[in-house]
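The values are calculated or read from the model by the stated rules, or taken from the named source; none is laboratory data. Everything quoted here is computed from the prediction, not taken from an experiment. As a convention, Cβ positions derive from the backbone with ideal geometry for all residues, glycine included, and neighbour counts pool all protein chains shown.
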Amino acid sequence: MTTSPTTLQTLSLGFSPCPNDTFIFDAMVNRKMDTGALQFDYVLEDVETLNQWAFEGWLAITKLSYNTLLQVSDRYALLDSGSALGRGVGPLVIRKAGAAPVTDLAAFLSTARIAIPGKHTTANLLFSLAFPGAKDKTEVLFSEIEDKVLKGEFDCGLVIHESRFTYQQRGLEKLIDMGDWWEQTSGSAIPLGGICIRRDVPMETALQVEQLIRKSLQYSWKSYPALSDFVTRHAQEMEEEVMRRHINLYVNEYSDSLGAEGRRAVDTLFAKARENGLIQASGPGVYLG
């Protein structure tokens, strides 16, 4: 008696080229571990591009800013594993160093030219909650914001990802840490981005993906602090020390499982956004199931 071969199911998957995402997904997408009957056709894109695609439902599994997830929860559900969420991980508002001190930040921002990494990012949601009077905002690719502020094209910029570690050495200064503002205002952790799955994917498959992400993360931690070629290749010109700081900050216990505190942070963000009229309620809630 012969055993029929397993039929493989291919799922589209999108995540960013940032070290925290490539670190999490490396083993899973590169078949360094057993993924059973699932395989993944993956694409690496800036998170704001992934956010925009989500409104059309282009990918079966995708990294999304929590701001976007709250708007597309009728189409996507949040997986328990893979999130970027925690304390001390928030976006920063920066400007060129050496300018006159800002005594009234809200007043300054109400007239400032501000570069943001995308209107659908959680960074922009937090910024909008804190400074509703800041209106002159322009979307700029996150990796270009520092340069454009330094060149004087913008008075300040809302930066995410590795810019948290590099802005000072580039001649920029911090006006406010939006993560600190959120933690002090809400008392909860900062939900930045999560891994989401389209609701038309069967529940059994979605739960398998959730477990595979967890196993892939565990695989990467076993070889850490060594960094795989997949991580370093996509981090472009980032120094290895910055890659490790990025991973150590953004990949944490919430990446393995949101848990009760992680869910409370997501629910709090959702409530604050609704209270301030920044999003409308949609769909059956954000969670799987």
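Comparison of Lys63, Lys32 shows that the only residue that is buried (at least 24 other Cβ atoms within 10 Å of the Cβ) and either in contact (Cβ under 8 Å) with a residue 40 or more places away in the chain or not basic (Lys, Arg) (or both) is Lys63.
In the condition set (1) modelled with pLDDT of 90 or more; (2) of a type outside the set (D, E, K, R); (3) under 22 Å from Pro17 (Cβ atoms), Ser188 is compliant with all but (3). Do we have any residue at all in segment 254-263 that's surrounded by fewer than 19 Cβ atoms within 10 Å (Cβ to Cβ), of a type in the set (A, V, I, L, M, F, W, C) and either touching a residue at least 40 places away in the same chain (Cβ under 8 Å) or out of contact with any Phe, Trp or Tyr (no Cβ under 8 Å at 6 or more places or on another chain) (or both)? Checked segment 254-263: at least one residue is surrounded by fewer than 19 Cβ atoms within 10 Å (Cβ to Cβ), of a type in the set (A, V, I, L, M, F, W, C) and either touching a residue at least 40 places away in the same chain (Cβ under 8 Å) or out of contact with any Phe, Trp or Tyr (no Cβ under 8 Å at 6 or more places or on another chain) (or both). Restricting Arg245, Arg199, Arg233 to those that are closer than 26 Å to Leu288 by Cα and among the charged types (D, E, K, R) reduces the list to Arg199. None of Gly98, Gly82, Gly118 is on the phi > 0 side of the Ramachandran plot and assigned by TED's automatic domain parsing to the domain that holds Leu212 except Gly82. Considering segment 220-234, and only residues there that are among the hydroxyl-bearing types (Ser, Thr, Tyr) and in contact with a helix residue (DSSP H, G or I) (Cβ under 8 Å, 6 or more places away or on another chain), the residue that is nearest to Ser16 (Cα to Cα) turns out to be Thr232.
Among residues of segment 127-140 that are within 19 Å of Asp180 (Cβ to Cβ) and touching a residue at least 40 places away in the same chain (Cβ under 8 Å), those with a beta-carbon under 8 Å from a residue that is crowded, with 20+ Cβ neighbours inside 10 Å and not hydrophobic (A, V, I, L, M, F, W, C) at least six positions away or on a different chain give the pairs Phe127/Pro91. Among the candidates Gln218, Gln208, single out the residue that is more than 18 Å from the chain's Cα centre (by Cα), surrounded by 14 or more Cβ atoms within 10 Å (Cβ to Cβ) and modelled with pLDDT of 95 or more. Every option except Gln208 fails the conditions.
Selection of segment 264-284 for residues being at pLDDT below 80 and either farther than 23 Å from Ala206 by Cβ or surrounded by 16 or more Cβ atoms within 10 Å (Cβ to Cβ) (or both) yields Ile279, Gln280. Taken over segment 110-136, residues that are of a type in the set (Val, Ile, Thr) and surrounded by fewer than 16 Cβ atoms within 10 Å (Cβ to Cβ) amount to 1. If the condition is being assigned to a helix (DSSP H, G or I) and in contact with an Asp or Glu (Cβ under 7 Å, 6 or more places away or on another chain), then segment 148-165 contributes only Ser163.
Against the criterion of being modelled with pLDDT of 90 or more and not assigned by TED's automatic domain parsing to the domain that holds Val72, Tyr287 qualifies.
In the set (1) assigned to a loop (DSSP other than H, G, I, E, B); (2) outside the structural domain of Asp267 (by TED's automatic domain parsing), the condition left unmet by Val201 is number (2).
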